[in-house]
Amino acid sequence: MTERETTRLVAWSNELRRVHVRIREALEVTRQAVRDGVPTERASRDLLLYCHGFCAALDGHHQGEDRALFPAIEATHPQLAPVLRALTQDHSMIEHLLQGLRDAVDRAATPEELDRHLEGVAAIMENHFRYEEKQLLAVLEDLELNAAVQDVLGPL
């Protein structure tokens with residue numbers, strides 16, 4: 001195996017960590033926008049952009065995992081099927097919470113209500129990310145998956 005091939009193999013675990021960090025940062029920016037929200041037209045537009053951007057990033061990440069990453073892991077590590085099913089169920093739960101956030105943003109909910117939605121998403125998302133990293137990072141260090149990062153882990 002060449003150094004370049006080894007680097008690519010190890011990179012999947014690094015890429016997952018990097019995507020999780022970026023999504024956590026996007027959530028914090030969104031939460032700060034809610035906390036700092038001034039009832040002006042510009043603040044409302046900015047909040048709408050932050051919330052929709054965060055939702056799109058998290059959705060894209062989970063869709064990529066469900067479509068490309070998890071099947072590749074299960075093909076080489078069938079014993080992880082229950083873990084992958086649990087993670088996929090988390091994705092569904094998070095999607096439900098994100099839809100509630102989108103609906104709240106679209107109807108210009110109060111900052112308090114938006115913060116409650118974001119708190120719920122944050123709690124489930126963080127638990128999900130930690131479980132995913134605990135269960136999959138070692139596997140990802142050896143995963144041979146010849147695909148674009150965006151197709152596997154969502155838009156960056």
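Which residues, taken from region 105-156, are among the basic types (Lys, Arg) and at pLDDT 90 or above?
116, 130, 134
Among (1) of a type in the set (Val, Ile, Thr); (2) surrounded by fewer than 16 Cβ atoms within 10 Å (Cβ to Cβ); (3) at pLDDT 85 or above, there is one condition residue 23 misses while meeting the rest; what is its number?
(2)
For region 69-99, what are the residues that are under 18 Å from residue 128 (Cα atoms), among the aliphatic types (A, V, I, L, M) and touching a residue at least 12 places away in the same chain (Cβ under 8 Å)?
69, 73, 80, 83, 84, 86, 87, 93, 94, 97, 98 - these are the residues of region 69-99 that are under 18 Å from residue 128 (Cα atoms), among the aliphatic types (A, V, I, L, M) and touching a residue at least 12 places away in the same chain (Cβ under 8 Å).
Take the residues in region 107-118 that are in contact (Cβ under 8 Å) with a residue 24 or more places away in the chain and in a helix (DSSP H, G or I), then tell me which one is farthest from the chain's Cα centre (by Cα).
This residue is 111.
So how many residues does region 77-122 have that are among the hydrophobic types (A, V, I, L, M, F, W, C) and closer than 15 Å to residue 54 by Cβ?
Of the residues in region 77-122, 10 are among the hydrophobic types (A, V, I, L, M, F, W, C) and closer than 15 Å to residue 54 by Cβ.
Here's the yes/no breakdown for (1) touching a helix residue (DSSP H, G or I) at 6+ places or on another chain (Cβ under 7 Å); (2) of a type outside the set (D, E, K, R); (3) surrounded by fewer than 16 Cβ atoms within 10 Å (Cβ to Cβ):
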{"position": "70", "(1), (2), (3)": "yes, yes, no"}
{"position": "80", "(1), (2), (3)": "yes, yes, no"}
{"position": "84", "(1), (2), (3)": "yes, yes, no"}
{"position": "103", "(1), (2), (3)": "no, no, yes"}
{"position": "114", "(1), (2), (3)": "yes, yes, no"}
{"position": "137", "(1), (2), (3)": "yes, yes, yes"}
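Residue 92 - would you say it is modelled with pLDDT of 90 or more, assigned to a helix (DSSP H, G or I) and closer than 25 Å to residue 105 by Cα? If you could, list the steps in order and put the result at the bottom.
Numbers: modelled with pLDDT of 90 or more: yes; assigned to a helix (DSSP H, G or I): yes; closer than 25 Å to residue 105 by Cα: yes.
Yes; evaluated as a whole, the condition is true for this residue.
Among the numbered criteria (1) within 30 Å of residue 136 (Cβ to Cβ); (2) at pLDDT below 90; (3) not aliphatic (A, V, I, L, M), which single criterion is violated by residue 39?
The one condition residue 39 does not meet is (1).
The values are calculated or read from the model by the stated rules, or taken from the named source; none is laboratory data. On a predicted model such as this, the values are computed, not experimentally measured, just so you know. Because the Cβ atoms are built from the backbone with ideal geometry, glycine has one as well, and the counts that use them run over all protein chains shown.
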